[in-house]
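Structure record follows, encoded as structure tokens.
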2 protein chains.
Amino acid sequence: MRDADPVPEHEPGLTIAQVADRTGLTADTLRYYERACLIERVGRSTGNQRRYSAADLVWLEFLLRLRETGMPISGMQRYARLRAEGDATLGERLTLLREHRDDLAARIRRLRDHEDALHDKITHYEGLLSTQPGTDHA
Amino acid sequence: MRDADPVPEHEPGLTIAQVADRTGLTADTLRYYERACLIERVGRSTGNQRRYSAADLVWLEFLLRLRETGMPISGMQRYARLRAEGDATLGERLTLLREHRDDLAARIRRLRDHEDALHDKITHYEGLLSTQPGTDHA
DNA sequence: CCTTGACCTGGAGCGCACTCCAAGTTCTAG
DNA sequence: CTAGAACTTGGAGTGCGCTCCAGGTCAAGG
């Protein structure tokens, strides 16, 4: 009686270079993320080389989303730890996610204000330039 | 016949601590910004202590806007250098500003996509939790 | 006079998120 | 079987943006 194998041998998975290609991360960063426990230990080939499963890829893409929205490594570590603990932590993860989304929404609002202010300044400069278009030495 | 003094003696200006208070930067960061040529050399009191003018404050606030919108120090240095060169560089500064604004707009769009995706994931989690609300050991 | 506290300078140190390296192993094409 | 590319590990190094520190100056209060 075997356990249900999530990554059966007939599905070898992707090498680290292939995953680097698909995610835009470097192989070094992928190894770093594994060391930092952002991803659980990735499966290995018989020769001890990493073989990433489709599930690994999905998780990596989620991590990248967290990263691009400004979550620090430590925050992703907390989330990853909860995830590793299973369904019992769904509520906690939901809380983290909501906090992060609210944070993000606030940041986006601030950025939009800044965008408007930059736009105004640009318009002001354009006005200056059309009146006195540079040191015109013609 | 005196030069038009931009910071006359009867307007002593703000101390570094006061500027730190108003901007949210630390005194150390304000000195660092001056060393990095993000701000031109600030006026000094007779005892060689910094006295910030109103114009310094306006410029600092603009720098903070650039910083909060993701411009690195090196980018702010480029902008500050052009500004120091005077009106002849208005066109160049305008170009930098437009590039930065466009960049920012693109980043905001990406963030909004991420926000939507997070929202969807949150909704999904909420569905899971309402069906099976945690390991209910009642 | 002396103390206290805010300020000055140049330079060292820090936390973050990678990024690179050396030395050794494994995979694959010919 | 062999060459060389790709991979492994632990650990050191990097760039950014501050942040802290030592040792000194200056102004005000008691």
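Results, tabulated for the structure shown:
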item: Bins of 5 Å, starting at 0 and running to the largest distance - Cα pair percent for chain B; result: 2, 8, 13, 15, 12, 11, 9, 6, 5, 5, 5, 4, 3, 2, 1, 0, 0, 0
item: Mean Kyte hydropathy of -1.0 or more with a Cα span along the axis of at least 24 Å, helices from DSSP in chain A; result: A:90-131
item: Nearest-first distances (nm) between copies at A:Ala106, label 7 Å from Cα via Cβ; result: 2.9
item: Ratio Rg/Rh [Cα only; Rh per Kirkwood] for the stretch B:89-133; result: 1.47
item: Chain B residue with Cβ closest to the axis mapping B onto A, distance in whole Å; result: B:Ile108, 3
item: Average beta-carbon neighbours from other chains, 10 Å sphere, peptide B:108-116; result: 5
item: Share of Cα-Cα pairs in the protein assembly as shown lying beyond 31 Å, as whole percent; result: 51
item: Per-copy distances of the B:Gly70 label point, shortest first, in nm (7 angstrom along Cα→Cβ); result: 1.1
item: Whole-number Å³ per residue for the convex hull built on Cα positions in the stretch B:58-138; result: 127
item: Value of [θ]222 nm, deg cm²/dmol, for chain A, DSSP H segments ≥ 4, -39500 (n - 2.57) each, nearest 500; result: -21000 deg cm²/dmol
item: Interchain or long-range residues, amide H under 5 Å from A:Tyr52's placed H; result: A:Leu14, A:Thr15
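Computed from the coordinates by the stated procedures, all read-outs in this text should not be read as laboratory data. Keep in mind it's a predicted model, so treat the numbers as computed, not measured. Don't worry about glycine lacking a Cβ; one is built from the backbone with ideal geometry, like all the others, and counts go over all protein chains shown.
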